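All remarks here apply to the structure that follows.
The values are calculated or read from the model by the stated rules, or taken from the named source; none is laboratory data. If you're wondering where the values come from, they're calculated on a predicted model, not measured in any experiment. Virtual Cβ from ideal backbone geometry, glycine too; neighbours counted across all protein chains shown.
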């Protein structure tokens, strides 16, 4: 895993940008930093790369990759199936570079399975290709200013070239999700869209969509076949993500997704895997005992990482790399979790991100499924699902019914029939998934760890998003396919409790921040509801991000971050 940056500006602004980008991207690649100025047929380009060595030897993954007069490349990510790609190369970096040896056809990377951000340069034509993976797992921001191109894995060095007064405030939606990640907090800074390529040539920009998803028709699939096909895809997705590691960590909560990842590694690979859990000091959300029971059932060891007393500086350390607000201040717990795992010599961790978004893991998706059942007069399905909804999301029945009816009436007025699977797509593409990917990418990289999510394998995502409601919410269950796979492997509903999610105790830090900023004058305690804490923390994070970017010189900000590490 790495950071990348570059510019076509050979002047003083470009030089200052490169120095800022080197510092801002240092956390993404602490093992090696390289900057090269390379010729174009008109002018030159400066390419930079910071490297975290995960696989392969030092030379085969060294960057920038240079074929004089032909092409240059810097790259961040992993290609898990590079051995099967019909291109010469003994590392994923070499395969990727050689894939463009004769022609730059960005759609040819559809056969690559992995996550990546790529800057590819064709010096003869003065073209720069900025390419981002299918679902935006890796960051890549860019700015066009005075006909010069600047790009970076981090927003901060680009923000130094802009007026900070035009920073947008991230907006949170009532149903969940944050609308900023695939937009930009600044008017002029943009992010390469997931599955897209931005092409720069002599001051002009164009965009092409390289990702061509398979058109999967699952409208007539049986539930049993859906379960079997999804499980087979998952087994392969896990195998290709652990094959290069002798030792690997698993983030295990008491949830369905991490349990299935851990069980799949244990049953279908020969890799030594050890599970870790953040044992939060907030007793309401501590899942250690349930996770220990699951680990024993699987047959793997579970190492609890006991949450420490957090300081306000922990918040600033995280916000330096998150750059814009995350979903709540639990990120201080994630940061500590990764730092403790890294101290044990682990560099790769598998996590269960994905199915909540594309297979109906949140209450809003299940609510829309229930509303759809009412409006299509499937009352038996509605009642069956209502009982499951109340148990899964810890909601009183009368409140659940009121919410579903309100949403049903609203849909009728708008002339639509709500669907859980339609809401899944929205959460995956626009709301929850983008901020989840950003948060866990930045915080794992901050601690020298690469996080891999088998459920984000494009084959699984395409399959999951194509599932109709009758399969996705089979029997009234959310994430019914995953639950059935676990049942087939011997797990019971009683092994899993009410949905909690990987969280941390941030009440004390939040209370201190609120008082210091005169932002909230009521007492914030461990007895405060998660909903209340979430709302307050989100507003405070917005304010901190604004203040620190406006009041602190960019170079000082990045320099102090480097020293704090």
(message) Please go through (1) surrounded by 18 or more Cβ atoms within 10 Å (Cβ to Cβ); (2) modelled with pLDDT under 90 for residue 73 and return the number of the only condition it doesn't satisfy.
(response) (2)
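Which is in contact with a helix residue (DSSP H, G or I) (Cβ under 8 Å, 6 or more places away or on another chain), surrounded by 23 or more Cβ atoms within 10 Å (Cβ to Cβ) and farther than 25 Å from residue 114 by Cα, of 464, 420?
On the way: 464 fails: farther than 25 Å from residue 114 by Cα.
Matching residue, one of 464, 420: 420.
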(message) I'm told residue 429 meets every condition in (1) touching a helix residue (DSSP H, G or I) at 6+ places or on another chain (Cβ under 7 Å); (2) not assigned by TED's automatic domain parsing to the domain that holds residue 374 except one. Can you identify the failing condition by its number?
(response) (1)
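Is it true that some residue in the range 51-73 is within 21 Å of residue 322 (Cα to Cα), part of a strand (DSSP E or B) and under 24 Å from the mean Cα position of the chain (by Cα)?
Initial filter on the range 51-73 (within 21 Å of residue 322 (Cα to Cα)): 51-52.
This time we only want the ones that are part of a strand (DSSP E or B), so: 51.
Now drop any that are not under 24 Å from the mean Cα position of the chain (by Cα), which leaves 51.
Among the residues of the range 51-73, at least one is within 21 Å of residue 322 (Cα to Cα), part of a strand (DSSP E or B) and under 24 Å from the mean Cα position of the chain (by Cα), which makes the answer yes.
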(message) Looking at the range 392-399, can you tell me whether even one residue there is in a helix (DSSP H, G or I) and closer than 15 Å to residue 475 by Cβ?
(response) yes
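Name the single residue, out of those in the range 21-32 being modelled with pLDDT of 90 or more and in contact with a strand residue (DSSP E or B) (Cβ under 9 Å, 6 or more places away or on another chain), that is farthest from residue 54 (Cα to Cα).
Here the answer is 21.
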(request) Please verify whether the range 24-45 includes one or more residues that are in the same structural domain as residue 152 (by TED's automatic domain parsing), in contact (Cβ under 8 Å) with a residue 24 or more places away in the chain and at positive phi. (result) yes
(request) Say whether the condition of being surrounded by fewer than 22 Cβ atoms within 10 Å (Cβ to Cβ), within 29 Å of residue 77 (Cβ to Cβ) and either outside the structural domain of residue 273 (by TED's automatic domain parsing) or in contact with a helix residue (DSSP H, G or I) (Cβ under 7 Å, 6 or more places away or on another chain) (or both) is met by at least one residue in the range 297-309. (result) yes
(request) Looking at (1) under 18 Å from the mean Cα position of the chain (by Cα); (2) at pLDDT below 85; (3) crowded, with 19+ Cβ neighbours inside 10 Å, find the lone condition where residue 160 falls short. (result) (1)
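For residue 277, state whether it is over 20 Å from residue 244 (Cα atoms), touching a strand residue (DSSP E or B) at 6+ places or on another chain (Cβ under 7 Å) and either outside the structural domain of residue 352 (by TED's automatic domain parsing) or surrounded by 22 or more Cβ atoms within 10 Å (Cβ to Cβ) (or both). Reasoning before the result, please.
Numbers: over 20 Å from residue 244 (Cα atoms): yes; touching a strand residue (DSSP E or B) at 6+ places or on another chain (Cβ under 7 Å): yes; either outside the structural domain of residue 352 (by TED's automatic domain parsing) or surrounded by 22 or more Cβ atoms within 10 Å (Cβ to Cβ) (or both): yes.
Criteria met by residue 277.
Can you find, within the range 218-268, the residue that is nearest to the chain's Cα centre (by Cα) among those that are assigned to a helix (DSSP H, G or I) and under 15 Å from residue 293 (Cα atoms)?
Of all residues in the range 218-268, those assigned to a helix (DSSP H, G or I) come to 223-242, 256-268.
Filter once more, so that each one left must be under 15 Å from residue 293 (Cα atoms): 256, 258-260, 262-263.
Numbers: 256: 18, 258: 15, 259: 19, 260: 19, 262: 19, 263: 22 Å.
Ranking the candidates gives 258 first.
Conditions tested, residue by residue: (1) over 28 Å from residue 237 (Cα atoms); (2) in contact with a helix residue (DSSP H, G or I) (Cβ under 7 Å, 6 or more places away or on another chain).
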{"site": "285", "(1), (2)": "yes, no"}
{"site": "289", "(1), (2)": "yes, no"}
{"site": "323", "(1), (2)": "yes, yes"}
{"site": "327", "(1), (2)": "no, yes"}
{"site": "337", "(1), (2)": "no, no"}
{"site": "341", "(1), (2)": "no, no"}
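Residues checked against (1) in the same structural domain as residue 457 (by TED's automatic domain parsing); (2) touching a helix residue (DSSP H, G or I) at 6+ places or on another chain (Cβ under 8 Å); (3) surrounded by fewer than 23 Cβ atoms within 10 Å (Cβ to Cβ); (4) closer than 18 Å to residue 81 by Cβ:
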position: 113; (1), (2), (3), (4): no, yes, yes, yes
position: 121; (1), (2), (3), (4): no, no, no, no
position: 124; (1), (2), (3), (4): no, no, yes, no
position: 127; (1), (2), (3), (4): no, no, yes, no
position: 137; (1), (2), (3), (4): no, yes, no, yes
position: 141; (1), (2), (3), (4): no, yes, no, no
position: 147; (1), (2), (3), (4): no, no, yes, no
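Regarding residue 83, is this residue surrounded by 16 or more Cβ atoms within 10 Å (Cβ to Cβ), modelled with pLDDT under 90 and in a helix (DSSP H, G or I)?
Numbers: surrounded by 16 or more Cβ atoms within 10 Å (Cβ to Cβ): no; modelled with pLDDT under 90: yes; in a helix (DSSP H, G or I): yes.
Spelling it out, it is not the case that residue 83 is surrounded by 16 or more Cβ atoms within 10 Å (Cβ to Cβ), modelled with pLDDT under 90 and in a helix (DSSP H, G or I).
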(request) Test residue 346 against the criterion of being crowded, with 16+ Cβ neighbours inside 10 Å, in a loop (DSSP other than H, G, I, E, B) and out of contact with any strand residue (DSSP E or B) (no Cβ under 9 Å at 6 or more places or on another chain), and give yes or no. (result) no
(message) Being at pLDDT 95 or above, surrounded by 15 or more Cβ atoms within 10 Å (Cβ to Cβ) and under 18 Å from residue 303 (Cβ atoms) is true for just one of 254, 237, 226, 262. Which residue is that?
(response) 262
